[in-house]
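**Student:** Below is one structure. I have some questions about it.
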Amino acid sequence: MIRAGVVGVGHFGREHARIYSSNDHAKLVAVCDLNESRGRGVAETYGAEFGTNYRDLMGRVDAVSVATSTVSHQAIACELLEAGIAVLVEKPIAASLAEAEEMISAARRGKAVLPVGHLQRFNPAVTAASRIVTRPLFFEAHRLSPFTPRSLDIDVVMDLMVHDIDVVLSLARSEVREVRASGVPILSSKVDIANARIEFENGCVANLTASRVSAERVRKVRFFQPHEYVSIDYSAQESMAVSIKTQPSGRMDFDIRALPVERGEPLSLEIESFLRAVSGQKVEVSGEDGKRALQLALEINSNILAHAERAGVTF
């Protein structure tokens, strides 16, 4: 039985606590939050102890989810990792590449695992599509959300687009050659809608759009590979493939099929993967994966700022 804790029990951290409390291989020992009222409420709901200082978890837990604001990830995770405590850190891994590297180094020193919470990697629809990937040539992703006052400490690239960045990186399997991007703030002081065009060394191109000022909620990505088109609906957990088959006569037939998807809650699947990693199995989304996604997200943001300057737009 793995002793688990959660640091930061806001909107998402509370869900981590819920899943640990119901997992057969873990015991939720404690939750930590600077907001005492919120933290005590979550602790009471899931039968855990409460504290305001994450350092109080030392020696009492084997694994911790860090679901605090991005700017605090490095400081909290490094202390826990160096104490030998496994850490599942929410995306993005950190606020900077230097911080991400410090976390990866701390994990090595503490001989502790450091998975990153890129949730969509565990979406059953993505899992189904990944089984038939050959050589993707073009990706198109749309991640749109109505505006909420949550996660305004980061921009839409770090908040929403980073999910698709990680998925595309895992499927494209190539280094990035060029990035072009643009974006604007609408309702907050940070970029709320952005578009990025990413070209990879192997010739693959990805066109990603993310918005948190949409009238509707959309979570879809599609990609094209030789003789095949694959569509993924994250929310519906559905994947579809359309293949072109040439008959001996020369006629082309279209094979349209739904991919077999074993539905499940992505966060629950992510935490189950984390617990397996704590027990010695492979880390599915590593600190290095998280750093790579962060690096591309930062490059996209850099392009957005450069584009804004050329257009005479300030924010």
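**Student:** Restricting attention to the range 108-130, and to residues there that are in a helix (DSSP H, G or I) and over 19 Å from the mean Cα position of the chain (by Cα), which single residue is surrounded by the most Cβ atoms within 10 Å (Cβ to Cβ)?
**Tutor:** Step one: list which residues in the range 108-130 are in a helix (DSSP H, G or I), which gives 108-110, 119-122, 124-130.
Restricting the remaining residues to those that are over 19 Å from the mean Cα position of the chain (by Cα) gives 108-110.
Values: Arg108: 12, Arg109: 11, Gly110: 19.
Once the filter is applied, the top-ranked residue is Gly110.
**Student:** Picking from Gly290, Gly250, Gly312, which residue would you name as being in contact with a strand residue (DSSP E or B) (Cβ under 8 Å, 6 or more places away or on another chain) and either surrounded by 19 or more Cβ atoms within 10 Å (Cβ to Cβ) or farther than 28 Å from Val218 by Cα (or both)?
**Tutor:** Details: Gly250 fails: in contact with a strand residue (DSSP E or B) (Cβ under 8 Å, 6 or more places away or on another chain); Gly312 fails: in contact with a strand residue (DSSP E or B) (Cβ under 8 Å, 6 or more places away or on another chain).
Step by step, each of Gly290, Gly250, Gly312 is checked, and only Gly290 is in contact with a strand residue (DSSP E or B) (Cβ under 8 Å, 6 or more places away or on another chain) and either surrounded by 19 or more Cβ atoms within 10 Å (Cβ to Cβ) or farther than 28 Å from Val218 by Cα (or both).
**Student:** A follow-up question, please. Within the range 300-307, identify whether any single residue is crowded, with 16+ Cβ neighbours inside 10 Å, farther than 30 Å from Ile186 by Cα and in contact with an Asp or Glu (Cβ under 8 Å, 6 or more places away or on another chain), and answer yes or no.
**Tutor:** For the range 300-307, residues crowded, with 16+ Cβ neighbours inside 10 Å, farther than 30 Å from Ile186 by Cα and in contact with an Asp or Glu (Cβ under 8 Å, 6 or more places away or on another chain): absent.
**Student:** Which members of the range 80-101 meet the condition of being of a type in the set (Asp, Glu), surrounded by fewer than 17 Cβ atoms within 10 Å (Cβ to Cβ) and under 25 Å from Gln120 (Cα atoms)?
**Tutor:** Glu101 - this is the single residue of the range 80-101 that is of a type in the set (Asp, Glu), surrounded by fewer than 17 Cβ atoms within 10 Å (Cβ to Cβ) and under 25 Å from Gln120 (Cα atoms).
**Student:** (1) farther than 14 Å from Val126 by Cα; (2) in contact with a strand residue (DSSP E or B) (Cβ under 7 Å, 6 or more places away or on another chain): which one isn't true of Ala258, the others all being true?
**Tutor:** Result: Ala258 fails condition (1) only.
**Student:** Take the range 225-254 and flag every residue that is of a type outside the set (S, T, N, Q) and closer than 22 Å to Pro124 by Cβ. Working first, answer last.
**Tutor:** If we filter the range 225-254 for residues that are of a type outside the set (S, T, N, Q), which is where we start, we get 226-230, 232-234, 236, 238, 240-242, 244-245, 248, 250-254.
Answer for the range 225-254, where residues must be of a type outside the set (S, T, N, Q) and closer than 22 Å to Pro124 by Cβ: Glu228, Tyr229, Val230, Ile232, Asp233, Tyr234, Ala236, Glu238, Met240, Ala241, Val242.
**Student:** Another question about this same structure. Counting only residues that are within 21 Å of Ala125 (Cβ to Cβ) and not in a loop (DSSP other than H, G, I, E, B), how many does the range 277-306 have?
**Tutor:** Just the residues of the range 277-306 that are within 21 Å of Ala125 (Cβ to Cβ), to begin with: 284-285, 289, 293.
Remaining after also requiring not in a loop (DSSP other than H, G, I, E, B): 289, 293.
The total comes to 2.
**Student:** From Arg18, Arg109, Arg40, Arg14, which residue is closer than 16 Å to Phe274 by Cα and charged (D, E, K, R)?
**Tutor:** Numbers: Arg109 fails: closer than 16 Å to Phe274 by Cα; Arg40 fails: closer than 16 Å to Phe274 by Cα; Arg14 fails: closer than 16 Å to Phe274 by Cα.
Exactly one residue qualifies, and that residue is Arg18.
**Student:** Residues in the range 31-58 that are within 23 Å of Glu265 (Cβ to Cβ) and either surrounded by 14 or more Cβ atoms within 10 Å (Cβ to Cβ) or at pLDDT below 95 (or both): how many?
**Tutor:** The number of residues fulfilling the criteria is 9.
**Student:** Here is a follow-up. Got a sec? Which of Gly287, Gly264 is in contact (Cβ under 8 Å) with a residue 12 or more places away in the chain and farther than 30 Å from Lys111 by Cβ? Give the steps one after another, and end with the answer.
**Tutor:** Working: Gly287 fails: farther than 30 Å from Lys111 by Cβ.
When all the criteria are applied, what remains is Gly264.
**Student:** Which number in (1) modelled with pLDDT of 95 or more; (2) of a type outside the set (A, V, I, L, M, F, W, C); (3) outside the structural domain of Ile76 (by TED's automatic domain parsing) marks the one condition that Arg150 misses?
**Tutor:** (1)
**Student:** Give me a count of the residues in the range 169-186 that are more than 21 Å from Gly312 (Cβ to Cβ), in a loop (DSSP other than H, G, I, E, B) and touching a strand residue (DSSP E or B) at 6+ places or on another chain (Cβ under 7 Å). Break it down stepwise before answering.
**Tutor:** Let us first name the residues in the range 169-186 that are more than 21 Å from Gly312 (Cβ to Cβ), namely 169-179.
With the extra rule that they be in a loop (DSSP other than H, G, I, E, B), the set shrinks to 173-175.
With the extra rule that they be touching a strand residue (DSSP E or B) at 6+ places or on another chain (Cβ under 7 Å), the set shrinks to 174-175.
Adding up the residues that qualify gives 2.
**Student:** So, one more: Within the range 1-10, how many residues are assigned to a loop (DSSP other than H, G, I, E, B) and buried (at least 17 other Cβ atoms within 10 Å of the Cβ)? Don't jump to the end; show me each part of the working.
**Tutor:** Pass one, the range 1-10, residues assigned to a loop (DSSP other than H, G, I, E, B): 1, 8-10.
If we keep only those that are buried (at least 17 other Cβ atoms within 10 Å of the Cβ) as well, we get 8-10.
Result for the range 1-10: 3.
The values are calculated or read from the model by the stated rules, or taken from the named source; none is laboratory data. Remember, predicted model here, so these are calculated numbers, not experimental data. Glycine gets a Cβ as well: all are built from the backbone with ideal geometry, and neighbour counts include every protein chain shown.
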